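Okay, structure first, notes after.
The values are calculated or read from the model by the stated rules, or taken from the named source; none is laboratory data. Bear in mind that the values here come from a model prediction, so they are computed numbers and not experimental data. Glycine also receives a Cβ, built like all others from the backbone with ideal geometry; neighbour counts cover every protein chain displayed.
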Amino acid sequence: MSLQTLILLALKASILLNVFAIGLRASLQDATYLFRRPGQLVRGLLAMNLLMPLFAVTLAVLFDLNPAVKIALVALSVSPIPPVLPIKMMKAGGTKSYSIGVLVAVGLLAILFVPAAMEILQRVFGVPLQMTVASIAALILKTVLLPLALGIVLHSFGPALAERLAKPISQLGSVGLLGCGLIILSTAAPHILALVGSGTLIALAAFVLVGLAIGHWLGGPEAENRTALAFSTASRHPGIAIALAHANFPQQKLAMAAVLLYLLINTIAAVPYHVWTKRRGAAVAGAVKT
C-alpha cells in the first residue's frame, strides 16, 4: 500500500470520526430540524443551491480565469456543505439543531440537486456533463449519513456515555484531519502555486466572501442562524467538488489543486467574519445582562 493511499485512508477515517462525534451529541430532532421549518430550509436552499451557483457561473463567464479554477468554482458551488462544518458553525455561535439540520437536509437534497445542476449546466454551456444520483448518494451516505446516524442511535440509547465519548473522538478526528490536510497541501503546493495569478486568488476569495454575505443576509432574524447559514453558503464539500471535476474534466489535472486552494482561502477569509460574529454575540449578551 502506497503512502498516498494511506494518507487518503487516514483522511477518510478522520472525517468519519468527526461526523460520528457530531452524531454522538445529536438527536433525531436535530437531524430533522430544517425539514420541520420549511421557511428556513427554503432560505438555505436559495442561498446555497441557487444564488451561489449563479455567482460562480458569472465569475467563470466574465473573468479570464484558469480553466481549472472555473471548473473548481462551479463544482464547489453545486456541492453540499462539508461533513465537518457543523463543528465550525457551533463554535461560531450557531445552534446545534440548525448546524446539524442543515448538514442533513442539504446532504440529502444534494442527491437530487447535483445531477439536476449538471443537466442544467450542460444545456446552458453545451458541454457534456454528468454525475449520477447513485454516485452522489454513495458519497453522501458514506461521509455524512451513516456515521451521523450511528452517533445519533448511540446517543439515544446512552446519552451520558455518548457525550463522554464525543470529545476524545472529535479531538482524534480533528488531529487526523489537520495532519492529513497539511500533508496533502504540502504535496500539492507546486500545483497550487501554478494557479496563483490571473485573478485566481481574487475569484476564490470573492466566492467565500459573497457566500458569507448571502448566507448572513438570508439567515433570518436569529443571529445564530445567520452565522450558521453564512458558513454553510461559503463552505462546500471538497470531496464532491473534486469528484465532479474529475468525472467531467479528467484532463484538467489542476482542478484538484484549485479546490485545495479554495479550502485554504476559505479558512483565512472567514476569520474576520468569525471574529466579528463572536464579538457581536458577546456585546449582545453583555447588553442583556445589564
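A few remarks follow.
- The residues on offer are 100, 87, and the sole one that is at pLDDT 90 or above, part of a helix (DSSP H, G or I) and crowded, with 16+ Cβ neighbours inside 10 Å is 100.
- Whichever residue in region 153-172 is within 18 Å of residue 143 (Cβ to Cβ) and among the aliphatic types (A, V, I, L, M) and, among such residues, is farthest from the chain's Cα centre (by Cα): 153
- Hey, residue 230 at pLDDT 90 or above, surrounded by fewer than 19 Cβ atoms within 10 Å (Cβ to Cβ), closer than 19 Å to residue 47 by Cα and in contact with a helix residue (DSSP H, G or I) (Cβ under 8 Å, 6 or more places away or on another chain) or not: no
- Check on residue 153, out of contact with any Cys (no Cβ under 7 Å at 6 or more places or on another chain), under 17 Å from residue 85 (Cβ atoms), of a type in the set (Val, Ile, Thr) and surrounded by 13 or more Cβ atoms within 10 Å (Cβ to Cβ): no
- Test set (1) polar (S, T, N, Q); (2) buried (at least 16 other Cβ atoms within 10 Å of the Cβ); (3) modelled with pLDDT under 90; (4) under 22 Å from residue 244 (Cα atoms) - residue 79 fails condition number: (3)
Residue-wise test of (1) touching a Cys at 6+ places or on another chain (Cβ under 6 Å); (2) buried (at least 24 other Cβ atoms within 10 Å of the Cβ); (3) small (Gly, Ala, Ser).
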| position | (1), (2), (3) |
| --- | --- |
| 48 | no, yes, no |
| 53 | no, no, no |
| 61 | no, no, no |
| 66 | no, no, no |
| 94 | no, yes, yes |
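- Flag for residue 71 being farther than 30 Å from residue 280 by Cβ and without any contact (Cβ under 8 Å) to a residue 40 or more places away in the chain: no
- Filter result for residue 28 (in contact (Cβ under 8 Å) with a residue 12 or more places away in the chain and in contact with a Gly (Cβ under 7 Å, 6 or more places away or on another chain)): no
- Checked against (1) in a helix (DSSP H, G or I); (2) in contact (Cβ under 8 Å) with a residue 12 or more places away in the chain; (3) out of contact with any helix residue (DSSP H, G or I) (no Cβ under 6 Å at 6 or more places or on another chain); (4) of a type in the set (Ser, Thr, Tyr), residue 170 passes all but a single condition, namely (3).
- Considering only residues in region 62-103 that are over 18 Å from residue 118 (Cβ atoms) and of a type in the set (D, E, K, R), the one that is farthest from the chain's Cα centre (by Cα) turns out to be 64.
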